[in-house]
Amino acid sequence: MARKFLSGNEAFAEGIRLAGPRVISAYPITPQTIVVERLSEMVEEGSLSAEFIHVESEHSALSCAIGASAVGARAFTATSSQGLLYMAECLTYASGGRFPIVMMNANRSTALPWNIYGDQRDSISLLDSGWIQCYVENAQEALDLALMSYYIAEKKEVSTPFMVNLDGFVLTHTYEVTDVPEKEQADAFLPGYETENKLDPDHPRNLGFSVGPEHNIAFKYKEHLGILHAKEAVREAEERFAQIFGRQYTGLVEAYRTEDASFVLITLGSIAGLVRETVDRLRERGEKVGLLRIRYPRPFPNKEIAEVLGNVRAAAVLEKDISFGNEGTVFSNVNSALHKAGIPVPVSGYIGGLGGRNISSEEIEGIFADLKSEKRKTMFLGLGGEGEWV
Amino acid sequence: MGINVKTLCKDEFFYGHKACAGCGGSLAVRIALKVLGERSFAVLPAGCMSAVGFNFPQLCFGNNAVISTFAGTASMLTGIEAGLRAQGIRDFQAVGFAGDGGTADIGLQALSGAIDRNDDILYICYDNEAYMNTGIQKSSLTPFGARTTTTPAGKNIRGNLRPKKNMFEIVAAHGIPYAATASIGDLNDFMEKVEKASRIKGTKYIHVIAPCPTGWGIAPDETVEVAKEALDCGLWYLAEYEEGSGMTLNYRPGTFASVEHYLKRQGRFRHLTGDDIDIINHSRDVKWKLIEKNLGVIK
């Protein structure tokens, strides 16, 4: 194991080197570009043996990865924002075809107005595309997810593509000391990709076919079961990961100081770091506050969220996305989880950080202060808009 | 001895599909796969051939085959070729079959990208001169004057106003290792070109005219005859481009057969006036001047 000073993008590229995809389709877009730059250097120097394909668009990037996966080759691509939206057609193609491609998405705002900075509207708007989605908090988790994502996606009963999300710039371009495992360790963790769901020169198959109204829904049901199976695969991958690398992860969610908490802030991605610091500061003042970080919004942690929020007095969701005309999508999902579990906790919804706008520790303290009223509230952080949503 | 109907593989790889009677596109796919054989990995985007061949549980390809996204024929071929090669598999042919819309419109960017990378794939465009699968809409390979459901022939506008896009020349301009035009009206020529392409490393493109009785307004048993007539009247041509040696014309009719006869036997052109036919004759002559100027010796 080596300790290196790496940005989120570089850490993820190191993780992909260790995972060893056979085909990489590469197309630049800020703030993802550094990932494919590093991978091209790894291929050049021989530390990664992969076909490196310079595609001419993001649509082709994912279409090429689907082709590679359809012949049983481990495939990787990366994108961001407009690129993710441009390849959106291929997202459902990959998930419907049950091709366990891994893609890194550098979370970035979507036009209009143009903006290259981080929010999560790009990937959250595609939660329904059938991909496993994970949001990481730091460079180490990014590297580790590059390895774990393939393990989870390629499990036979899962067979679902996997999108790892890193907040643009805040995470992709921030340097942290990162443990880079040895290739032998990575190989011990991640077996080679074996599948029967492939075109095979010795056993010809027809894939990617049409299915009419009679049978179509059965294919979609199987697809749904596949992504639900990822819950167990995440647990299994993290256990195996801890045994080999000694680092523990916490499944679909990470609960921080929530055991006795009265007020919990739910969020995802890199902002969780600042929330954690704020929680520590408020705890020093005797306030019973906690953080619930959703690591995987798909498959959605309904049970885990209900468990953590079962005894709190109020909770809030802070998210960098909005479903225009309604509310934050994570907020909707959290409310659904609580409703199904019969938990009447008031949950407030805060939209923040759109287009990369800074979220301050003071604003997070303000959310916790608001929660004490135990009233539901929805607003744009720093702007207001309260009461206009219902 | 070159490949011909006598030496052609007896096995069928595209069989039991539900294409229209007299379909030229399905003939092109069937014959090409007989030439390329069982280790072909076929990619077909949304379009007639995928619509008629891939209806679960009735799957009609005897070789490996997959539907791609509409725009993604070439990019999926790239991934398949790279994925197989990365696993040490060598003895195969990645072949795409896309229609005129899938090639010259929505798939052009991905095709250009694949040619630019010189990926080792064969791309066959079966050109039936409109979006036939969706019910006869204009593509950029629909010829001047043709009536389609989006270029109606009325009092003010008489069908499609734009000429066919010059796909063969556009592809050749990339400096591709091999490109050819072909017609299902000359199957020996088509088979030879498919066979030749399969032996060349890098990107190969074959543009085969494949009449569509449904969309063209001809009888199902006229498909091959009409395809031949397009060659004889000079509205299509057989040519090859090879990197290094440039373009070659394969066939030049001694005198052109009647353009009017070719047009008037098809429902899609029946509304054309004498003036319209003069325009088509003139553009045919201009095109052949360019062909004879740019293309080398007739083989």
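Scan segment A:123-149 for residues that are outside any loop (DSSP other than H, G, I, E, B), surrounded by fewer than 24 Cβ atoms within 10 Å (Cβ to Cβ) and hydroxyl-bearing (Ser, Thr, Tyr) and jot them down.
Matches in segment A:123-149: A:Ser129 only.
Any idea which of A:Leu6, A:Leu39, A:Leu18 is assigned by TED's automatic domain parsing to the domain that holds A:Gly168 and under 21 Å from A:Ala188 (Cα atoms)?
Only one candidate passes the filter, namely A:Leu18.
Taking segment A:157-213 as the region of interest, how many residues are touching a Cys at 6+ places or on another chain (Cβ under 8 Å) and under 28 Å from A:Gln120 (Cβ atoms)? Before the answer, list the steps.
Narrowing segment A:157-213 to residues touching a Cys at 6+ places or on another chain (Cβ under 8 Å): A:162-165, A:206.
Those still in the list that are under 28 Å from A:Gln120 (Cβ atoms) too: A:162-165.
Qualifying residue count for the region: 4.
In the list B:Lys6, B:Lys34, which residue meets the criterion of being outside any helix (DSSP H, G or I), surrounded by fewer than 24 Cβ atoms within 10 Å (Cβ to Cβ) and more than 14 Å from chain A (Cβ to nearest Cβ)?
Working: B:Lys34 fails: outside any helix (DSSP H, G or I).
Result of the check over B:Lys6, B:Lys34: B:Lys6.
Quick one: which helices (runs of 4 or more DSSP H) sit completely within segment A:12-122 and have at least 2 residues that are touching a strand residue (DSSP E or B) at 6+ places or on another chain (Cβ under 7 Å)?
Working: elements: A:33-45, A:58-70, A:81-86, A:88-96.
Passing ranges, in order: A:33-45, A:58-70.
Residue check: is A:Val36 aliphatic (A, V, I, L, M), more than 14 Å from chain B (Cβ to nearest Cβ), buried (at least 24 other Cβ atoms within 10 Å of the Cβ) and within 30 Å of A:Glu196 (Cα to Cα)? So that I can check it myself, show each step before the final result.
Values: aliphatic (A, V, I, L, M): yes; more than 14 Å from chain B (Cβ to nearest Cβ): yes; buried (at least 24 other Cβ atoms within 10 Å of the Cβ): yes; within 30 Å of A:Glu196 (Cα to Cα): yes.
So A:Val36 passes the test.
If we scan segment B:242-261, do we find a residue that is among the aromatic types (Phe, Trp, Tyr) and without any contact (Cβ under 8 Å) to a residue 40 or more places away in the chain?
yes
Taking segment A:198-223 on its own, how many of its residues are loosely packed, with under 12 Cβ neighbours inside 10 Å and more than 14 Å from chain B (Cβ to nearest Cβ)?
Number of matching residues: 1.
If a residue has to be crowded, with 19+ Cβ neighbours inside 10 Å and either under 22 Å from B:Ser183 (Cα atoms) or modelled with pLDDT under 95 (or both) to count, how many in segment B:116-143 make the cut?
Of the residues in that region, 19 qualify.
Mind checking which residues of segment B:181-202 are free of Cβ contacts under 8 Å to residues at least 40 places away in the same chain and either farther than 22 Å from B:Leu295 by Cβ or polar (S, T, N, Q) (or both)?
Correct list: B:Arg199 only.
State all residues of segment B:59-105 that are without any contact (Cβ under 8 Å) to a residue 40 or more places away in the chain, more than 8 Å from every other protein chain (Cβ to nearest Cβ) and not small (Gly, Ala, Ser); if no residue qualifies, say none.
Residues satisfying the conditions are B:Phe70, B:Arg90, B:Asp105.
Tell me, which residue of segment A:126-144 that is among the hydrophobic types (A, V, I, L, M, F, W, C) and in contact with a Leu (Cβ under 9 Å, 6 or more places away or on another chain) is nearest to A:Thr195 (Cα to Cα)? So that I can check it myself, show each step before the final result.
In the first step, residues of segment A:126-144 are kept if they are among the hydrophobic types (A, V, I, L, M, F, W, C); the result is A:126-127, A:131-132, A:134, A:136, A:139, A:142-143.
Narrowing the set further to residues that are in contact with a Leu (Cβ under 9 Å, 6 or more places away or on another chain) leaves A:126, A:131, A:134, A:136, A:139, A:142-143.
Working: A:Leu126: 26, A:Trp131: 18, A:Cys134: 23, A:Val136: 28, A:Ala139: 31, A:Ala142: 26, A:Leu143: 25 Å.
If we take residues in segment A:126-144 being among the hydrophobic types (A, V, I, L, M, F, W, C) and in contact with a Leu (Cβ under 9 Å, 6 or more places away or on another chain), then A:Trp131 is nearest to A:Thr195 (Cα to Cα).
Considering every residue within segment A:372-379, establish whether at least one is in a loop (DSSP other than H, G, I, E, B) and hydroxyl-bearing (Ser, Thr, Tyr). First the steps, then the outcome.
If we filter segment A:372-379 for residues that are in a loop (DSSP other than H, G, I, E, B), which is where we start, we get A:372-377.
Now drop any that are not hydroxyl-bearing (Ser, Thr, Tyr), which leaves A:373.
Scanning segment A:372-379 turns up at least one residue that is in a loop (DSSP other than H, G, I, E, B) and hydroxyl-bearing (Ser, Thr, Tyr).
Check off (1) touching a residue at least 60 places away in the same chain (Cβ under 8 Å); (2) over 14 Å from the mean Cα position of the chain (by Cα); (3) closer than 22 Å to B:Trp236 by Cβ; (4) surrounded by 18 or more Cβ atoms within 10 Å (Cβ to Cβ) for B:Asn160 and give me the number that stays unchecked.
Answer for B:Asn160: the failing condition is (1).
Taking A:Gly67, is it at pLDDT 95 or above, within 11 Å of chain B (Cβ to nearest Cβ), surrounded by fewer than 24 Cβ atoms within 10 Å (Cβ to Cβ) and farther than 20 Å from A:Leu166 by Cβ?
No; evaluated as a whole, the condition is false for this residue.
On the given criteria, is A:Ile227 out of contact with any His (no Cβ under 8 Å at 6 or more places or on another chain), touching a residue at least 12 places away in the same chain (Cβ under 8 Å) and assigned by TED's automatic domain parsing to the domain that holds A:His339?
no
The values are calculated or read from the model by the stated rules, or taken from the named source; none is laboratory data. Everything quoted here is computed from the prediction, not taken from an experiment. Quick reminder, even Gly has a Cβ in these numbers, built from the backbone with ideal geometry, and neighbours come from all protein chains shown.
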